[in-house]
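J.: Got a structure for you, written out below as structure tokens; questions coming shortly.
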């Protein structure tokens, strides 16, 4: 697919609107001026795109000379989009990262994002798609979104924040194929790929309960669920739902705790009564700080305290003698493939796609055992 210039960009917009049924057969299309204003272009490329569409039989003129979606325009538009995607020209994919992220990514500083982005890039290359890493624009977002449309055929957004919603809305309104990671944006029909953190939190709670624990906690770096985060994909929600299902939630003195940067949390947990016998965490950083906390020096895992986490332990550095921690591993190849599957479906005009949840694999170690202290109801 050629890099879209103005006419190609307008043509893509028209094809996607017809393919999705937004402009229904037999109905008048919006005026040229309104489309030009919507896309922030002059009226000339819109006229050229309309002429091109009329030559292909996608639109016809009614008795007043107004453009009308032709019979069969939706199917024909999807066919044209599919032909463009399968053509010899490489497609170009932008992978947008937060403005604070350094590019290229450092595998030691951010192993999760390094692996995620790498998986997407490999999946893109396997499909003949060229990918580029860019920082998400935070200034003059409308103009920056338009520049992205000129340079790329599709966009994947990692770690989207509310501050960048103008860019996303602009891309979606212009019918640029966009997939987000681990987010849900109200009001925008936008498919997402999410790691099954919910399932990991749920599974850990069940493991602890089956091992005899009834007073446990999940330590998370954040329990915020803002308007663009889907609680159904988050570890703490799966954890709480499982505790409720197994009827032990009311027996947990502190079922979830949010770690605050720079503040020790282990000593506070250990001072609670009745004593917590199992701790789960949502990130390697939490486990690392816990394991190196002076308050942990005389605690034996798993005899005194069972430990586990909902994420990968690959980057986790533990003190000597600390046992390997029960954790979950992401199927990275699947994550990359799912992302590109959604992108390709969007490119050929599919609408209302469902989000995909990527499964995680449990890596069970000896960090979980039955509680050493008697627990009372």
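The values are calculated or read from the model by the stated rules, or taken from the named source; none is laboratory data. What you see is a predicted model, and the numbers here were worked out from it, not measured in a lab. All Cβ positions, even for glycine, are placed from backbone atoms using ideal geometry, and neighbour counts span all protein chains on display.
J.: Can you tell me which residue among 95, 43, 59 is touching a helix residue (DSSP H, G or I) at 6+ places or on another chain (Cβ under 7 Å) and within 16 Å of residue 15 (Cβ to Cβ)?
T.: Working: 95 fails: within 16 Å of residue 15 (Cβ to Cβ); 43 fails: within 16 Å of residue 15 (Cβ to Cβ).
Matching residue, one of 95, 43, 59: 59.
J.: What are the residues in region 51-81 that are in a helix (DSSP H, G or I) and either touching a residue at least 40 places away in the same chain (Cβ under 8 Å) or under 22 Å from residue 177 (Cβ atoms) (or both), if any?
T.: Within region 51-81, 52, 53, 73, 74, 75, 76, 77, 78, 79, 80, 81 meet the criteria.
J.: Moving on to the next point. Which condition number in (1) under 23 Å from the mean Cα position of the chain (by Cα); (2) loosely packed, with under 13 Cβ neighbours inside 10 Å is the one that residue 89 fails?
T.: Only one criterion is unmet by residue 89, namely (1).
J.: Of the residues 302, 324, which single one is closer than 24 Å to residue 112 by Cα and either surrounded by fewer than 19 Cβ atoms within 10 Å (Cβ to Cβ) or out of contact with any helix residue (DSSP H, G or I) (no Cβ under 6 Å at 6 or more places or on another chain) (or both)? Lay out the reasoning, then the answer.
T.: On the way: 302 fails: closer than 24 Å to residue 112 by Cα.
Only one candidate passes the filter, namely 324.
J.: Output the number of residues of region 133-147 satisfying the condition of being touching a strand residue (DSSP E or B) at 6+ places or on another chain (Cβ under 6 Å) and in contact (Cβ under 8 Å) with a residue 40 or more places away in the chain.
T.: 2
J.: Follow-up question, since we're still on this one. I'd like the residue in region 274-291 that is surrounded by fewer than 20 Cβ atoms within 10 Å (Cβ to Cβ), closer than 22 Å to residue 363 by Cβ and modelled with pLDDT of 85 or more and, out of all such residues, is nearest to the chain's Cα centre (by Cα). Outline the logic, then answer.
T.: Let us first name the residues in region 274-291 that are surrounded by fewer than 20 Cβ atoms within 10 Å (Cβ to Cβ), namely 274-275, 285, 288-289, 291.
From the residues that got through so far, the ones that are closer than 22 Å to residue 363 by Cβ too are 285, 288-289, 291.
Right, trim to modelled with pLDDT of 85 or more and you get 288, 291.
Details: 288: 25, 291: 30 Å.
Here the answer is 288.
J.: Determine whether residue 103 is in a loop (DSSP other than H, G, I, E, B), in contact with a strand residue (DSSP E or B) (Cβ under 7 Å, 6 or more places away or on another chain) and closer than 22 Å to residue 164 by Cβ.
T.: Details: in a loop (DSSP other than H, G, I, E, B): yes; in contact with a strand residue (DSSP E or B) (Cβ under 7 Å, 6 or more places away or on another chain): yes; closer than 22 Å to residue 164 by Cβ: yes.
Taking the combined requirement at face value, the residue satisfies it.
J.: Kindly state which strands (runs of 3 or more DSSP E) lie completely within region 126-242 and contain at least 2 residues that are within 24 Å of residue 334 (Cβ to Cβ).
T.: Details: elements: 129-135, 154-157, 178-181, 192-195, 216-220.
Passing ranges, in order: 129-135, 154-157, 178-181, 192-195.
J.: Among all residue pairs at least 6 apart or on different chains, which show Cβ distances below 6 Å where the first residue, located in region 181-192, is over 20 Å from residue 344 (Cα atoms) and the second is modelled with pLDDT under 85 and surrounded by fewer than 22 Cβ atoms within 10 Å (Cβ to Cβ)?
T.: What qualifies is 185/228.
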